[in-house]
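Step one of this worksheet: look at the structure below.
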Amino acid sequence: MTVPTHSGIALSAREIHKSFGGKEVLKGISADVHKGEHIAIIGPSGSGKSTFIRCLNLLELPDAGTLDLQGERVFDADRRTSASSVRALRRRVGMVFQSFNLFATHTALENVALAQKLVLGRDKNAARKRAEEQLERVGLQDHMQKHPSQLSGGQQQRVAIARSLAMDPEVILFDEPTSAIDPEMRVEVLKVMKELAEAGMTMLMVTHEIQFAQQAADRVMFIADGEALATGTPQEMLVDPPHERIHRFVKAVSGVV
Amino acid sequence: MLDSSYVIEGLMITLQIWVGAFLLSVILAVPVAILRRSDNLLLRFIGGIWAWIARGIPPVAWLIIIYFGLSLGIISEVPVYAAIVGLGVVNSAYIGDSIRAGLDAVPTGQWEGAASVGMNLRDTLFRVILPQALPVMLASTAAYSITLLKNTAIASIIGANEMVFYAYNASQVGVNPLVAFLTIGIVYLLFTIPVGLFARWLDARVMRSTTGVAS
């Protein structure tokens, strides 16, 4: 796969800085995600890759930097950010968490329908219909009435993906979506993600699944110590890494001794 | 013999103080809990000071301070009102803790899940957080309300004519004190039964929902 050059930029992050308690976790990371593009973010634990992706939908408020969606400025750290503009951005940028974060007291169907009704103002029937479609899409048509606690990790994560999809986001962010799932159940989540990618969804994924990144990503970004060390095609980054640091990382997570 | 109409009359006043103080404490507890959960250090400090003072001073002292000390306002002179305000203040710290514990029991992921789909604070609270926090809050609130019921006995000190007041008066005019106080003791006990059962039922519900069986 190559970088699609024919389409515009869906999401652009410029010089994102973030510190926690005086420790600089992000030292100015920039990224452009083209429409329909799939970017995998890899890097060691504590490198700031999760913080970076959380900054992109303002779950963390960057200390410096800007965010553009479809060329429109949606965040500027130098200006006051209202709660409503944060919500407006989150309506357009979906998020799938490592720990699923499904609403515990709601069924799978309600999890997918709730925000459609409350945030998008869809009526009950339309929201329900769309929720059913999305749950079928991720292969959970037989589990719609179950609560999160009755579902496996892989199933919960697929509900979370459906919940995000139902909002018709322009980009979906994935924050280590398979890290908290039993190895056997990861496949079903990765399969859904691959289908999404093939359907043209714009995706930015923090992941440790090197093989998956190789198959599904158009570009791979390597983050270490709060900086984007390099970005390139999966071939460039994973097969023949341009940097000794990346080479070591890829070898280690691939289980090569 | 202890006149039962006096017991009933005293019971009515006891219930008035109990319910009044409970409602007042819930109203006061909401801002206390919000302050104590605030990200702002100063607000958190103010909330902490309130809880410290409300809890640190014995309830009987609170009642006397309000009854005799704050004699400028309307509360004074009417012992029942002074008792409601005094016990309401004390209990607000405990109910505030219940609310805080209830909110703390809900994982941050629930807030983030709601945020990630663009939900506002009100919807997040009422549709996602409170359904999980409320059972936790109510279980401990029910337990505190039993303590509050027993604390209403203190109101007799400032002359509120609740049950203890009547039992004491009856024993002054020749009723066997043991009979008088045993009688009202049983009445207190009877009232703790429905509250206790309610608390236990809620507790069981909380346990069930946290151990993974859908409600």
HN-Hα J couplings of the range B:98-113 from phi, Karplus 6.51/-1.76/1.60, θ = phi - 60°, integer Hz, Gly and Pro as x?
-> 4, 5, 4, 5, x, 5, 5, 6, 8, x, 4, x, 5, 5, 5, x
In order over the range A:71-82: 3J(HN,Hα) from phi, Karplus 6.51/-1.76/1.60, θ = phi - 60°, whole Hz, x for each Gly or Pro, gives x, 9, 5, 10, 8, 9, 4, 7, 10, 5, 9, 7
Starting from the amide H of A:L151, placed 1.01 Å from N in the peptide plane, find each other amide H under 5 Å away whose residue is 5 or more places distant or on another chain.
-> none
Could you work out how far helix A:153-165 tilts from the main Cα principal axis of chain A, as a 0 to 90 degree angle to the nearest 10?
-> 90
Given H placed on each backbone N at 1.01 Å, which residues far from A:V171 in sequence or on other chains put an amide H within less than 5 Å of it?
-> A:G94
Per-residue average of Cβ from other chains inside 10 Å of B:107-114 = 6
Using alpha carbons only, how many degrees (0 to 90, rounded to 10) separate the axis of helix A:244-253 from the longest principal axis of chain A?
-> 40
Angle between the Cα long axis of helix B:163-172 and the longest principal axis of chain B, 0 to 90 degrees, nearest 10?
-> 20
Roughly what would the spin-label model give for B:I64 and B:R37, points 7 Å off Cα along C-beta, in nm?
-> 3.7
Evaluate peptide A:86-99: per residue, the Cβ atoms of other protein chains within 10 Å of its Cβ; return the mean as an integer.
-> 3
Place +1 on the Cβ of every Lys and Arg and -1 on the Cβ of every Asp and Glu in chain A, take the dipole about the Cα centre, and give the residue among A:M237, A:P148, A:G22 whose Cα lies farthest towards its positive end.
-> A:P148
Averaging sequence separations of C-alpha pairs under 8 Å and six or more residues apart, then dividing by the length of chain A, give the relative contact order as a whole percent.
-> 26
Nearest-20 debye value, chain B charge dipole, Cβ charges on Lys, Arg, Asp, Glu = 520
Charge-dipole axis of the protein assembly as shown as Lys and Arg at +1 and Asp and Glu at -1 on Cβ define it, positive-most pick from A:A224, B:V195, B:Q110 | B:V195
Around A:A64, which amide H atoms from residues at least 5 apart in sequence, or from another chain, sit under 5 Å from its own amide H, with H modelled in the peptide plane?
-> A:H17
Counting other beta carbons within 10 Å of each Cβ, put B:I46, B:I129 in order, fewest first.
-> B:I46, B:I129
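Could you line up A:D142, A:D218 from fewest to most neighbouring Cβ atoms inside 10 Å?
Details: A:D142 9, A:D218 19.
Taking fewest neighbouring Cβ atoms as first place, the list is A:D142, A:D218.
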Determine the alpha carbon to alpha carbon distance for each of A:K18/A:K117; A:K49/A:K117; A:K129/A:K194; A:K18/A:K251; A:K117/A:K194; A:K49/A:K146 and list only those over 26 Å.
-> A:K18/A:K117; A:K49/A:K117; A:K18/A:K251; A:K117/A:K194; A:K49/A:K146
Distance in nm between B:L121 and B:M12 label points, each 7 Å along Cα→Cβ, equals 4.4
How would you rank A:L173, B:L42, A:L196, going from fewest to most other Cβ atoms within 10 Å of each one's own Cβ?
-> B:L42, A:L196, A:L173
Among trypsin sites (Lys or Arg not before Pro) in the range A:58-129, those in a DSSP loop whose Cβ has at most 12 other Cβ atoms within 10 Å are A:R79, A:R80
Set of aspartates and glutamates with alpha-carbon distance to A:K35 below 15 Å, sequence-local pairs under 8 removed = A:D68, A:E72, A:D168, A:E170, A:E198, A:D218
Which one of B:L138, B:V175, B:I84 is farthest out on the positive end of the charge dipole of chain B, using unit charges on Cβ (Lys, Arg +1; Asp, Glu -1) and the Cα centre as origin?
-> B:L138
Taking the Cα centre of the protein assembly as shown as the origin, how large is its charge dipole in debye, to the nearest 20, when only Lys and Arg (+1) and Asp and Glu (-1) carry charge on their Cβ atoms?
-> 420
Fluctuation leader among A:M193, A:M95, A:M203 - chain A, Gaussian network, Cα springs under 10 angstrom = A:M193
Calculated [θ] (222 nm, deg cm²/dmol) that DSSP helices of n ≥ 4 give over chain A, each run adding -39,500 (n - 2.57) | -10500 deg cm²/dmol
Under the classification rounded if a/c is under 1.5, otherwise prolate if a/b is larger than b/c and oblate if not, where does the protein assembly as shown fall, given a ≥ b ≥ c as square roots of the Cα gyration tensor eigenvalues?
-> prolate
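Values quoted throughout were computed directly from the atomic coordinates according to the rules given, and no laboratory measurement underlies them. Since the model is a prediction, treat every value here as computed from it, not as a measurement. No Cβ is skipped: glycine too gets one built from the backbone with ideal geometry, and neighbour counts run over all protein chains shown.
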